[in-house]
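Participant: Can you keep this structure in mind? I'll have questions shortly.
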Amino acid sequence: MNHDELLAYYAAPGVFTAVSGFEDVIDQIPAGVQPAVDFVQNLLIHPGFAGAYGVKLTEQQQAGGGLHTVPAILSHAASLASGPLNAQRAPGQRVAGVCRHFATLFVAVLRHKGIPARARCGFANYFEPGKHFDHWVGEYWDTALGRWVLVDAQVDALQRDLIRPPFDTLDVPRDRFRVAGDAWQVCRRGEVDPATFGVAGTENWGIIEVFGDLMQDVAALRKVEFLPWGWYGLALEQEACADEQDLVDAIAALSSAADGAALDTLNAMSARDVRLALPGDRIDEILRAESVAT
């Protein structure tokens, strides 16, 4: 896959990022990255920051946290407030979703507008000093800059005031958000303590979390954005984290490169090793369940 083919691939929707039934809504969003981010932040609220917005999440809001597909998320958002989805809404009327939902909805908007974009799973070190939190961001191809740009669509003005990132969250530096492949490699080289990588507010820390995120990231590179806890295939074999480090090193290199050659290699590896293949049955089950929800 050459570069132009790669960009065309990421400009088209994936199984979870088609905006079927909501094309008119997305068409009304002005062109550009900032309007896409504004749209996402107006519809979603992260449960970890709900208190900062003065919101006690309702059961109905929280029900959106288990949704994968963009049409299901948008349908759920429509159920929380009257009026058009593009109208300004209060935090108490937003869908409770984690970073993956922010990244995936952002990517869906850009893809609908023909902009190459993909969700990336990895670790952010700007929420708490000395910690690398499991996190998702969006990434889009900036033609003018000639590079992929990381965008944290979750961090709005309120969150910026709380965490004070010393950079523009519309262009996150690669050493402040490490895609999972980069995170694995710095841990393997002994440059960063693996114990500092994990899931905020849980006991899930260490190299196994990096391993799990790596599998999530290569799925997202293939346009399947599972929920953060939706590990599959090789990630379910935790002993592989230690026993098959050459294989995991190879996967990490593909996550880091994320170019056409890497995607071709990943697809070829997945054809040979079922543990690397995307779980088609699970994907089909999700699509069936969430098509009913919409």
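Participant: Got a number for carbon plus sulfur as a percent of the stretch 1-159's accessible area, 1.4 Å probe?
Facilitator: Carbon and sulfur together cover 55 percent of it.
Participant: Now for a different question. If I model a spin label as a point 7 Å beyond the Cα along the Cα-Cβ vector, how far apart are those points for Asp27 and Leu145 in nm?
Facilitator: If labels sit at Asp27 and Leu145, their model points lie 3.0 nm apart.
Participant: What accessible area per residue, rounded to a whole number of Å², is obtained for the stretch 1-116 using a probe radius of 1.4 Å?
Facilitator: Counting only protein heavy atoms, the per-residue value for the stretch 1-116 is 39 Å².
Participant: Right, something else. Tilt of helix 260-272 relative to the longest C-alpha principal axis of the chain, in degrees (0 to 90, nearest 10)?
Facilitator: With rounding to tens, the tilt is 70 degrees.
Participant: Rounding to the nearest 10 and keeping the result within 0 to 90°, find how far the Cα-based axis of helix 207-221 lies from the longest principal axis of the chain.
Facilitator: 70
Participant: Moving on. Might you tell me the accessible area per residue for the stretch 240-294, computed with a 1.4 Å probe and given in Å²?
Facilitator: Counting only protein heavy atoms, the per-residue value for the stretch 240-294 is 52 Å².
Participant: At a 1.4 Å probe radius, which order do Ser291, Ser255 fall into by accessible area, largest first?
Facilitator: If we order Ser291, Ser255 from most to least accessible, we get Ser291, Ser255.
Participant: How far is helix 245-257 tilted off the main Cα axis of the chain, in degrees rounded to 10, range 0 to 90?
Facilitator: That helix lies at roughly 50 degrees to the long axis.
Participant: Quick check: from the Cα gyration tensor, does the stretch 133-225 come out rounded (a/c under 1.5), prolate or oblate?
Facilitator: Oblate shape, in that a/c is at least 1.5 and b/c is the bigger or equal ratio.
Participant: While we're on this one: Could you sort Arg178, Arg100 by accessible area so the largest value comes first, with the probe set to 1.4 Å?
Facilitator: Solvent-accessible surface, decreasing: Arg178, Arg100.
Participant: Let me ask you something else. Calculate one ³J(HN,Hα) per residue across the stretch 34-48 by plugging θ = phi - 60° into the Karplus curve 6.51 cos²θ - 1.76 cosθ + 1.60, and present them in order as whole Hz with x for glycine and proline.
Facilitator: So the Karplus estimates, Gly and Pro as x, are 4, x, 5, 5, 4, 4, 4, 5, 6, 9, 10, 9, 7, x, x Hz.
Participant: If you restrict to DSSP beta bridges whose two residues both lie in the chain, what percentage is antiparallel, to the nearest 5?
Facilitator: 80
Participant: Provide the solvent-accessible area of Leu236, counting protein heavy atoms only and rolling a 1.4 Å probe, rounded to the nearest 10 Å².
Facilitator: For Leu236, the solvent-accessible surface is approximately 110 Å².
The values are calculated or read from the model by the stated rules, or taken from the named source; none is laboratory data. This is a predicted model, so every value here is computed, not measured. Here the Cβ is made from the backbone with ideal geometry for all residues, glycine too, and neighbour counts use every protein chain on show. Note: areas computed on protein heavy atoms with side chains; ligands, DNA, RNA excluded. Shrake-Rupley method; radii C 1.70, N 1.55, O 1.52, S 1.80 Å.
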